[in-house]
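Trainee: Below is a structure I'd like to ask you about.
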Amino acid sequence: EAGVTQSPTHLIKTRGQQATLRCSPISGHTSVYWYQQALGLGLQFLLWYDEGEERNRGNFPPRFSGRQFPNYSSELNVNALELEDSALYLCASSPGLLNTGELFFGEGSRLTVL
Amino acid sequence: QKEVEQDPGPLSVPEGAIVSLNCTYSNSAFQYFMWYRQYSRKGPELLMYTYSSGNKEDGRFTAQVDKSSKYISLFIRDSQPSDSATYLCAMKENSSASKIIFGSGTRLSIRP
């Protein structure tokens, strides 16, 4: 069974550009989570989608947005990129709302902003 | 104050030693407590999961939760070089809409 897959693996952008990251959850999982992992800061919660709806959002500016598609895949958009947006963006999935904390992570998309 | 505090390390111990990793937290509503392991250039994977207070053992790993002190621990017995990784604690309230909050991670190195 395929795990969580993310694309692209690496992405290089310049300040002010937009970045789009994509995630496919494990088959049967309806919840998708996005986390930012910057150097030395651990995993910072960005967004959580379930059944196509945004369930919770972290303390990030509105230029971080996303959506979940009917097939439960998801994309994260970052507009007006800033240097500090350089980080590993991790996507995780879980079976649904009653998740007790077990998340299945992808290997991440590394975004570099120059 | 961060909701979850974790010493970033790095922590270096000899093979066979007992390792103790810890996190403190401020939100008394946390009910689910997890430990994730993250190898270099990989996504985190769930290692241990505990609900509310108490201990849980799985092979060489023991997770402890002390809700009165808002303190959780992960012990690794007979540590192996393959245990070298970053260990992240994570916590969640008992609500279907609550997000999972991670600590910043402790980088552990086991010397052969």
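Throughout, read-outs are computed from the coordinates displayed, never taken from laboratory work. Keep in mind the model is a prediction, meaning the values are calculated, not measured. For neighbour counting, all protein chains shown are included, and Cβ atoms are generated from backbone atoms with ideal geometry for every residue, glycine included.
Trainee: Among the lysines, which fall within straight-line cross-link reach of B:K2, defined as a Cα-Cα distance under 24 Å, with same-chain neighbours fewer than 8 residues apart omitted?
Mentor: Partners within reach: B:K67, B:K70, B:K92, B:K99.
Trainee: When only DSSP loop residues count, what trypsin sites (Lys or Arg not before Pro) in the stretch B:53-107 have their Cβ near at most 15 other Cβ atoms within 10 Å? Display every interim value, and only then the final one.
Mentor: Values: sites: B:K56, B:R60, B:K67, B:K70, B:R77, B:K92, B:K99, B:R107; in loops: B:R60, B:K67, B:K70, B:R77, B:K99.
Hits after loop and neighbour filter: B:R60, B:K67, B:R77.
Trainee: Separate question: How about the stretch A:28-68: which GluC sites (Glu not before Pro) there are in a DSSP loop, with at most 12 other Cβ atoms within 10 Å of their Cβ?
Mentor: On the way: sites: A:E51, A:E53, A:E54; in loops: A:E51.
Counting only loop positions with at most 12 other Cβ atoms within 10 Å, the GluC sites (Glu not before Pro) in the stretch A:28-68 are A:E51.
Trainee: Test of the criteria: in the stretch B:30-112, which chymotrypsin sites (Phe, Trp or Tyr not before Pro) are in a DSSP loop and have at most 13 other Cβ atoms within 10 angstrom of their Cβ? Walk me through the numbers before you get to the answer.
Mentor: Values: sites: B:F30, B:Y32, B:F33, B:W35, B:Y36, B:Y39, B:Y49, B:Y51, B:F61, B:Y71, B:F75, B:Y87, B:F102; in loops: B:Y39.
Taking the stretch B:30-112 and a limit of 13 other Cβ atoms within 10 Å, the loop chymotrypsin sites (Phe, Trp or Tyr not before Pro) found are B:Y39.
Trainee: Can I ask one more? Restricting to Cα atoms and excluding each atom paired with itself, what does the Kirkwood estimate give for the stretch B:4-111 in Å?
Mentor: Numbers: mean 1/r = 0.0719 Å⁻¹.
So the Kirkwood estimate lands at 13.9 Å.
Trainee: While we're here: Report, as an integer, the average count of C-beta atoms from other chains found within 10 Å of each Cβ along B:94-100. Don't jump to the answer; show the numbers that get you there.
Mentor: Details: counts 1, 2, 6, 5, 5, 10, 13.
Averaged over the peptide's residues, the number is 6.
Trainee: Still on this structure: Based on the alpha-carbon set only, what is the convex hull volume of the protein assembly as shown divided per residue, in Å³? Before the final figure, lay out each step's value.
Mentor: Details: hull volume 28.1 nm³, N = 226.
Enclosed volume per residue, from the Cα hull, is 124 Å³.
Trainee: Please report the relative contact order for chain A, taking Cα pairs under 8 Å with a sequence separation of at least 6, and give it as a percent rounded to a whole number.
Mentor: Numbers: 293 pairs, mean separation 41.5, N = 114.
The value is 36 percent.
Trainee: Of all the stretches in chain A, which is the longest one without any exposed loop site, taking trypsin sites (Lys or Arg not before Pro) in a DSSP loop (any state but H, G, I, E, B) with at most 13 other Cβ atoms within 10 Å? Show your work: numbers first, answer last.
Mentor: Details: sites that count: A:R15, A:R63.
Answer - A:64-114.
Trainee: Next up: Sequence gap at least 6, Cα distance under 8 Å: using those rules, report the relative contact order of the stretch B:4-111 to the nearest whole percent.
Mentor: On the way: 264 pairs, mean separation 41.0, N = 108.
Taking the mean separation of contacting Cα pairs over the length of the stretch B:4-111, I get 38 percent.
Trainee: Using alpha carbon centroids, what distance separates the stretch A:29-57 and the stretch B:35-87, in Å?
Mentor: 22 Å
Trainee: Under the definition of partner shielding as Cβ atoms of other protein chains within 10 Å of a residue Cβ, what is the mean value for peptide B:21-27?
Mentor: Details: counts 0, 0, 0, 0, 0, 0, 0.
Partner-chain Cβ atoms within 10 Å, mean over residues of B:21-27: 0.
Trainee: Work out how far the C-alpha atoms of chain A reach from end to end along every principal axis, then list the three figures in whole Å, largest first.
Mentor: Here the spans come out as 38, 28, 27 Å, largest first.
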